[in-house]
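The values are calculated or read from the model by the stated rules, or taken from the named source; none is laboratory data. Worth saying up front: this structure is predicted, and the values here are computed from it rather than measured. In this analysis, Cβ positions are derived from the backbone assuming ideal geometry, glycine residues included, and neighbour counts consider all displayed protein chains. Only protein heavy atoms, including side chains, enter the accessible area calculation; ligands, DNA and RNA are left aside. Shrake-Rupley method; radii C 1.70, N 1.55, O 1.52, S 1.80 Å.
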Amino acid sequence: MTKLTTTLFFVLSLMARVTVAQDARIQRVNPTNWWVGMKNPTVQLMVYGPNAGTLTYSLNYPGVKLAKTHTVENPNYAFLDLVISPTAKAGTLKLTGKRGNQTLTQPFVLKARDKTPKGTGVTSADFIYLAMPDRFANGDPANDKFADMADPNADRANPFYRHGGDLAGAAKHLDYLKDLGVTAIWFTPLLENNQPLTNEGGVMRSAYHGYGFTDHYTIDKRFGGNQAYSAFIKSAHAAGFKVVQDAVYNHVGINHWFIKDMPSKDWVHQWPAYTNTSYKYQPITDPHAAETDRRVTLDGWFVPFLPDLNQNNPYVANFLIQHAIWTVEEFGVDAWRVDTYMYNDLPFMNRCNAALMEQYPTIHIFGES
Ligand SMILES: [Ca+2]
Ligand SMILES: [Ca+2]
């Protein structure tokens, strides 16, 4: 190439790159929907996509105000504070994002609250049956494994692999649970765990236990997805059962979509070198404990593939609290079991529990210790 054409080539490729960089897209909004008539009128939307944080947002919907847009380190995120007045009607609002001559619109659904009881609670009179859905009953062999998932395996002959159990299988065995005298069903987590096989204790194991969320708003398709959970809870309620959800605030799966492109470096607890939690409660309960020991217990990672969320980051805290409320409202969950309670930031837990109980005063929350 001549010098001139070489220069022209570089200028053109630079322009092409600049044009690409200017394009913004919205790929996700979390929560995926909200409701009118909630006790707390505000909801913070996490908007994600290439350069989604560089757009100027607005909306025009009666009774709903965009109070504030927050941007963070990563230009792919915007956090939008919506205030929903008690007079707002259910419907689909359109978020508009503008930058230069680019305009994007993103629908966001505000549902009406249905009248079915939610957060009714469990008591010591209940007989709670803990089931691991992957291992309980397989109602649909077609959803046992998917080639597009990070762990595409299912094999009942291998104790470390998924076995194909699902919500359809559990729904078919409500009579069995009834016969046992069970009154409430608690599943290990059902949220998507699109995690690869991981080395635990020298053995490659699947995430069939469910404690490594990779998308808070999706029930794993190997369990039947969101529709199967709604359907299961409807039939369980109709048969007189309560349903307890297993909540994990402390950590997520290393494959969580927001871990792959974090809003900010402090989204999770970072250490100069990998630091595991000590699994010791004494530094949390002992008023004379050393601060360094407290930090290791609280902020060390549960295992190398479950990053420890920083609940002191206000966007992380809002994300988790809103997800809890969304889950009870969306699915009609009765009670709430909190995983690894003591490894969470305890003032955060108090705020989170208070927010759930403000909306659902009869809900019961119990924690793992
Ligand atoms: Ca299955
Ligand atoms: Ca922690």
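If R0 is taken as 35 Å, the Cβ-Cβ distance between VAL83 and GLU291 corresponds to a FRET efficiency of 0.35.
Across the chain, the relative contact order, built from alpha-carbon pairs under 8 Å that are at least six residues apart, equals 15 percent. Distance between the 7 Å Cα→Cβ label points at ASP23 and TRP271: 4.1 nm. Remark: for residue pairs LYS68/LYS221; LYS39/LYS65; LYS39/LYS98; LYS94/LYS265, the C-alpha separation exceeds 27 Å in LYS68/LYS221; LYS39/LYS98; LYS94/LYS265.
Once all protein chains are placed together, PHE136 keeps about 60 Å² accessible to a 1.4 angstrom probe. Our Cα-only numbers for segment 101-158 put the radius of gyration and Dmax at 20.8, 62 Å.
For ASP308, ASP155, write out the residues from largest to smallest accessible area, computed with a 1.4 angstrom probe and no ligands counted. Walk me through the intermediate numbers first.
Details: ASP308 0, ASP155 60 Å².
If we order ASP308, ASP155 from most to least accessible, we get ASP155, ASP308.
Rolling a 1.4 Å probe over the protein chains gives THR198 an accessible area of about 20 Å².
With +1 assigned to the C-beta of every Lys and Arg and -1 to the C-beta of every Asp and Glu, and no other charges, what is the dipole magnitude of the chain about the Cα centre in debye, to the nearest 20? Display every interim value, and only then the final one.
Numbers: 33 positive and 33 negative charges, 265 e Å.
With only Lys, Arg, Asp and Glu charged at Cβ, the dipole is about 1280 debye.
Annotation: lysines with alpha-carbon distance below 22 angstrom to LYS178 (same-chain offsets under eight excluded): LYS118, LYS234, LYS242. Using only Cα atoms, locate the centre of segment 115-177 and the centre of segment 290-369, then give the distance between them in Å, rounded to an integer. Using only Cα atoms, the two centres lie 23 Å from each other. Most tightly packed first, judged by the mean number of other beta-carbon atoms within 10 Å of their residues, the peptides 204-210, 279-285 read 204-210, 279-285. Computed over protein heavy atoms with a 1.4 angstrom probe, the accessible surface ordering of THR54, THR188, THR87, largest first, is THR87, THR54, THR188.
From the protein chains alone at 1.4 Å, what is the descending order of accessible area for LYS115, LYS265, largest first? It would help to have the intermediate numbers written out before the result.
Working: LYS115 190, LYS265 140 Å².
Highest to lowest solvent-accessible surface, that is LYS115, LYS265.
Using the rule -39500 (n - 2.57) for each DSSP H run of four or more residues, divided by the residues of the chain, the 222 nm mean residue ellipticity is -8000 deg cm²/dmol.
Computed from the alpha carbon atoms alone, the convex hull of the chain holds 189 Å³ per residue. Surface calculation, 1.4 Å probe, protein heavy atoms: LYS39 sits at approximately 120 Å² accessible.
Along the charge dipole of segment 213-331, Cβ charges K/R +1 and D/E -1, which of PRO263, ALA231, VAL316 sits furthest on the positive end? Checked the options; the winner is ALA231. Per residue, the convex hull around the alpha carbon atoms of segment 158-290 comes to 177 Å³.
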